[in-house]
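The block underneath contains the structure these notes are about, expressed in structure tokens.
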Amino acid sequence: MSAEPAGLTFRTRVLFYLLTFVLLLTVALAALLIQAQRTSLRTQFEEEGRTLVHLLANSVRLDVFAADQKALLRSATPVLQNRNVEKVVVLDATGEVLMNTGGGQEVSQGAPVLGMGTTGAAPGGGAAGGLPRVVLQEDGERIVFWREVLDRLAYETPEDLYFDGLGGSASRPSVLGYVAVVLSKEGLRRETRAVVGRVAVVGGGFFLLGGVLAFLVSREAAKPLARLVGAFREQGIMVESHDELGALRDTFSSLVTRLEHAFATIRELKEGLEQKVDERTQELARANDELRRARDLLEERVRERTAQLEAMHRHLRQTEKLSAVGKLASSLAHEINNPVFGIRNVLQELHRKLDLEPEDAELVALSIEECNRIAKLVRSLREFNRPSTETPEWVDVHRSIDTMLILCKKRFARQRIRVETSYSAEVKRIFAVEDQLKQVILNLLTNASEALPEGGGTIRVSTAASNGIVKVRVEDTGCGIPEEHLERVFEPFFTTKSAASGTGLGLSVCYGIVERHGGRIQVESRVGEGTAFTVELPIGEGEDERPDPAGG
Amino acid sequence: MRRWWFVILLLVVGSGGVARASEVVIVQSARIRPYEEARQAFREALSRQPAVSGAKTLHPHQFTEFVLTDGGGREAAARFLVSHPVDLILAIGGKALSFADRFRQIPLVYTMVPDAGSRLVFHDRAAGVPFSVPPRRWVEVTERCLPRARRIGVVFSPGETGGFVREARALSRVQGMQIVGTGARSAREVRARLEELRGQIDVLWMLPDLRVLTPQTAEAMLRFSMEERVPVVTFAEKYLRRGAMIALVPDYRRMGEAAAALAERLLRGGSLKTGRREVTRRTRVRVNAGIAKKLGAFLDTAWLGGGD
Ligand SMILES: Nc1ncnc2c1ncn2[C@@H]1O[C@H](COP(=O)(O)OP(=O)(O)O)[C@@H](O)[C@H]1O
Ligand SMILES: [Mg+2]
């Protein structure tokens, strides 16, 4: 630490200030102390002089009264033995020198005899209790303390012999003489010197102690700074300067600059980072959106596929059911057909050959009619599941529809049904069995008219073609099909109509025909609004449309 | 004047029926303890013997007191004495006696006055209590208190106390003692006379001698006593405090009581054969035991217990 010149500077400065302070303090205290001591010494000295002169005045009273010089010397001896006393002078009341122990005339000549005489005899003086006045004469070398020697010379009345405190002029003392105690100032000077010496020693000690303390304090004060500087040096960020504080200041300012740079960098980095985070967040959001869309799409597809699967499954079941029912029905029809034909032939024979009463003839005719009906029914049943016996050919779709509309025209008019048609030009001909196609259209038209009320309604027939498929759509504004029935309308014998009017075979026959043509039949309906049946049929073999055999 | 007053007095006493409280004025020189004691004793004694008029009627005495050293005390006393009918003046102390001496028409009793003769100038019918202690008593007390003392030293002025010393010398010879007296004409000689007495005496008498005794000579005597280890027999308590061993002092209460007796007689109209009449005195012996111990003097204090 002390080996480092930079470290010394701060410490030295602190030490210097402290030492200066201690020195000033010491000097001031010493001066104060000396002054106080001198005053006190001087007071003591004067006090001593006064005491001595009082003592002397009292002890020589008798001797002055008797003017006994030997006795005077004896009485003055205790006072003379005081080492400060240079000499003692005793005068009688007239100023005559009774004793002068030191010789020399100057003191007795300077005696303030007259002045004291008057003051000493002043009323209320001396005997009133207070001590008589002491007069001081001072020159460079000595102080002279003058005092009167007072006493009552005689008792004025016999009473005074007996009692004190009677008052009156009798108690006033007279001046017997004067005493002077000459104190040499040498002692005072010596003591003052001794005091100065002692104070100097004490002050020196105080200063030394203060110096040591200052040293310790400065060392302690410099320690943290030194540690700081040391730490800075270790970090290699110390700027060297002529002293520690300067170095610290420079280091500090350089550190501050570096910190500012660092903060600026951090700020920039932070801003860049924020931007990147924003971008990344946006990218993420986009990706998220895409993912969601993809998921939605997927779900949609799954739903579609599931729906398709369900539809296929349903279709399959229906197909199986229908085919089973169809086989049953056709075999039944075959079994019924022959007896019915036999019965009808018999009946016709009877009708022709027998001359019957009109009523009987009517009954027979009725029976024949019923037989025809059964035959027709049976034929229908057979139709349902019959393998296509008739050969398909190119059939004009629109013409088939129109033929069927004309067939129904009379009935529609009666029922006040309006018919709208909307034919697509793209629909031309398809490769199909014409009768069967017509049968399908007729069945759909019949059902539509039956669904419409007596008050009338609208039947709309439209066509469309796409991707080699022709669509024929028959719509009505009738009563509609309840949802629970939708699945069952293609079943054989499913009907909602009375036994007389409905057989429940119409739609099942349609279904069988369309199936055989490799097409589909679909129903859409809403109760109270209407029903739409759509028949989709492939255009047919070869796809390339052959010219109309009818020649256009 | 005097006869007229007596006529009045006789008339008053003789009438018998006229009752009047006696007006007594006490004039006191200063307020010091001995005077106070005397005055107190006077009042008490006189109150115990109230004025008796012819038919044994009791009347309390009326006391009025003045202290001359009090502010305006002298003037107040004078005013009172001229304006009131006063039956008796008691003067305590020499100055009080000098003051009362001027009122010569009022009967006067004095006490605590050492020099009554020189103070009575106008008044010729004053009665007082003698203050001084006679030589016989000095010899007696010295002999009793200090049985070993044989030689009695005394410094005196022949003019003042010559008679006293002569009488004492005769009395002491009877007791087997000897007075070694040296005459001094002034106080300044006292020291020299004392030097002559060095080694010659066993006890030193300090007499109330105005010529010889000053504060300085008193001190010289006391110093002599100390230096020579010779006890001092003195006449005032104040020297007892300063180093004397035995003091023959008047009993202040007795002084007051004696004055009361005189006053009572005067008030009753008792005639005084002479112009002045004094009653028997009493003295007390006070001893400074500390001094006795220091001096190693043999002191017969047992005798003191018996009273004086
Ligand atoms: N266009 C239609 N509007 C309302 N209901 C219809 C329609 N077509 C068919 N139906 C319903 O389908 C059932 C079956 O029809 P179908 O097989 O033709 O038998 P039928 O007509 O003899 O009852 C009908 O009873 C009817 O309830
Ligand atoms: Mg039908």
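The values are calculated or read from the model by the stated rules, or taken from the named source; none is laboratory data. None of the values given here were measured: they were computed from a predicted structure. Because the Cβ atoms are built from the backbone with ideal geometry, glycine has one as well, and the counts that use them run over all protein chains shown.
Things worth noting here:
- Selection over the range B:182-209 of residues that are surrounded by 20 or more Cβ atoms within 10 Å (Cβ to Cβ), assigned to a loop (DSSP other than H, G, I, E, B) and within 12 Å of chain A (Cβ to nearest Cβ) gives a count of 4.
- Top-ranked residue of the range A:478-505 - restricted to ones that are more than 6 Å from ligand 1 (Cβ to nearest atom) and of a type in the set (Phe, Trp, Tyr), ranked as farthest from the chain's Cα centre (by Cα): A:493
- A count restricted to the range A:325-342 and to residues that are hydroxyl-bearing (Ser, Thr, Tyr) and in contact (Cβ under 8 Å) with a residue 24 or more places away in the chain stands at 1.
Condition check ((1) at pLDDT 80 or above; (2) under 16 Å from residue B:215 (Cα atoms)) across all residues:
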| residue | (1), (2) |
| --- | --- |
| A:132 | no, no |
| A:137 | yes, no |
| A:151 | no, yes |
| A:182 | yes, no |
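- Taken residue by residue, the range A:415-431 has at least one member that is in contact with a helix residue (DSSP H, G or I) (Cβ under 9 Å, 6 or more places away or on another chain) and closer than 26 Å to residue A:319 by Cβ.
- Some residue of the range B:121-144 being over 21 Å from the mean Cα position of the chain (by Cα) and in a helix (DSSP H, G or I): yes
- Residues located in the range A:407-429, provided they are over 19 Å from residue A:533 (Cα atoms) and more than 15 Å from ligand 1 (Cβ to nearest atom): A:407, A:409, A:410, A:413, A:414, A:416, A:425, A:426, A:428, A:429
- Residue B:141 within 14 Å of chain A (Cβ to nearest Cβ) and aliphatic (A, V, I, L, M): no
- Of all residues in the range B:212-237, those satisfying the criterion of being over 21 Å from residue B:284 (Cα atoms) and at the interface with chain A (Cβ under 8 Å from one of its Cβ atoms) are B:213, B:214, B:215, B:216, B:219, B:220, B:223.
- Members of the range A:35-46 that are charged (D, E, K, R) and surrounded by fewer than 17 Cβ atoms within 10 Å (Cβ to Cβ): A:38, A:42
- Total residues in the range A:36-88 satisfying the condition of being hydrophobic (A, V, I, L, M, F, W, C), within 14 Å of another protein chain (Cβ to nearest Cβ) and in contact (Cβ under 8 Å) with a residue 40 or more places away in the chain: the figure is 4.
- Residue among A:491, A:450 that alone is over 18 Å from residue A:537 (Cα atoms), of a type in the set (Asp, Glu) and within 12 Å of ligand 2 (Cβ to nearest atom): A:450
- Residues in the range B:98-117 include none that are in contact with a helix residue (DSSP H, G or I) (Cβ under 8 Å, 6 or more places away or on another chain) and of a type in the set (Lys, Arg).
- Every residue from the range A:47-103 that is at pLDDT 85 or above, surrounded by 16 or more Cβ atoms within 10 Å (Cβ to Cβ) and of a type in the set (D, E, K, R): A:48, A:50, A:86, A:87
- Residues of the range B:70-86 satisfying the condition of being among the acidic types (Asp, Glu) and modelled with pLDDT under 90: B:70
- Residue match in the range A:163-179 (condition: surrounded by 13 or more Cβ atoms within 10 Å (Cβ to Cβ), more than 30 Å from residue B:110 (Cα to Cα) and away from chain B (no Cβ under 14 Å)): yes
- With respect to the stated conditions, residue A:518 fails to be touching a strand residue (DSSP E or B) at 6+ places or on another chain (Cβ under 8 Å), within 11 Å of ligand 1 (Cβ to nearest atom) and not β-branched (Val, Ile, Thr).
- Options B:301, B:280, B:217; residue that is at pLDDT below 90, surrounded by fewer than 23 Cβ atoms within 10 Å (Cβ to Cβ) and out of contact with any Pro (no Cβ under 9 Å at 6 or more places or on another chain): B:301
- The residues of the range B:238-260 that are outside any helix (DSSP H, G or I), away from chain A (no Cβ under 11 Å) and either of a type in the set (A, V, I, L, M, F, W, C) or closer than 23 Å to residue A:152 by Cα (or both), listed by number, are B:243, B:244, B:245, B:246, B:248.
- Residues in the range B:168-181 that are crowded, with 17+ Cβ neighbours inside 10 Å and among the charged types (D, E, K, R): B:169 only.
- Restricting the range B:98-120 to residues that are part of a helix (DSSP H, G or I) and within 14 Å of chain A (Cβ to nearest Cβ), the residue that is surrounded by the fewest Cβ atoms within 10 Å (Cβ to Cβ) is B:117.
Each row is one residue, and each column tells you yes or no for (1) closer than 28 Å to residue A:320 by Cβ; (2) more than 8 Å from ligand 1 (Cβ to nearest atom).
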position	(1), (2)
A:446	yes, no
A:460	no, yes
A:473	yes, yes
A:507	yes, no
